[in-house]
1. Test ALA55 against the criterion of being small (Gly, Ala, Ser) and surrounded by 10 or more Cβ atoms within 10 Å (Cβ to Cβ), and give yes or no.
Amino acid sequence: MTQAEYDAEAAQFEPPNKVAGKPLSDAQWAGMKRGVASERRRRGRPSKPKSEHVARVLVAMPRDLLRDADAVAKRTKVSRSELIADSLRLRLAAG
């Protein structure tokens, strides 16, 4: 089979390359590239506002104190983290 015969046979399985419209201008290409780049940035978990950024802290405390804190957190329907943060805010406000 010659190359020309091969190309003719393969052409029947390839989609046509007809695109309606005219080529994009440089400004349109730049806009398209910005849009694609911003789409890439939007993947994954959405970012939080700066007011909600947190730092993880490892704190050591007696087990019975932690157990009591967990009980209060469960009773007041807040997370352990929220309970500790609220307690720390109160302590800092008191001076």
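1. Numbers: small (Gly, Ala, Ser): yes; surrounded by 10 or more Cβ atoms within 10 Å (Cβ to Cβ): no.
No.
So that you can scan it fast, the table gives a plain yes or no per residue for (1) out of contact with any helix residue (DSSP H, G or I) (no Cβ under 9 Å at 6 or more places or on another chain); (2) modelled with pLDDT of 95 or more; (3) assigned to a helix (DSSP H, G or I); (4) of a type in the set (Val, Ile, Thr):
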{"site": "SER47", "(1), (2), (3), (4)": "yes, no, no, no"}
{"site": "SER51", "(1), (2), (3), (4)": "yes, no, yes, no"}
{"site": "VAL54", "(1), (2), (3), (4)": "no, no, no, yes"}
{"site": "ARG67", "(1), (2), (3), (4)": "yes, yes, yes, no"}
{"site": "ASP70", "(1), (2), (3), (4)": "no, yes, yes, no"}
{"site": "ARG75", "(1), (2), (3), (4)": "yes, yes, yes, no"}
{"site": "LEU83", "(1), (2), (3), (4)": "no, yes, yes, no"}
{"site": "LEU90", "(1), (2), (3), (4)": "yes, yes, yes, no"}
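The values are calculated or read from the model by the stated rules, or taken from the named source; none is laboratory data. On a predicted model such as this, the values are computed, not experimentally measured, just so you know. FYI the Cβ positions are ideal-geometry reconstructions off the backbone, even for glycines, and counts take in every protein chain you see.
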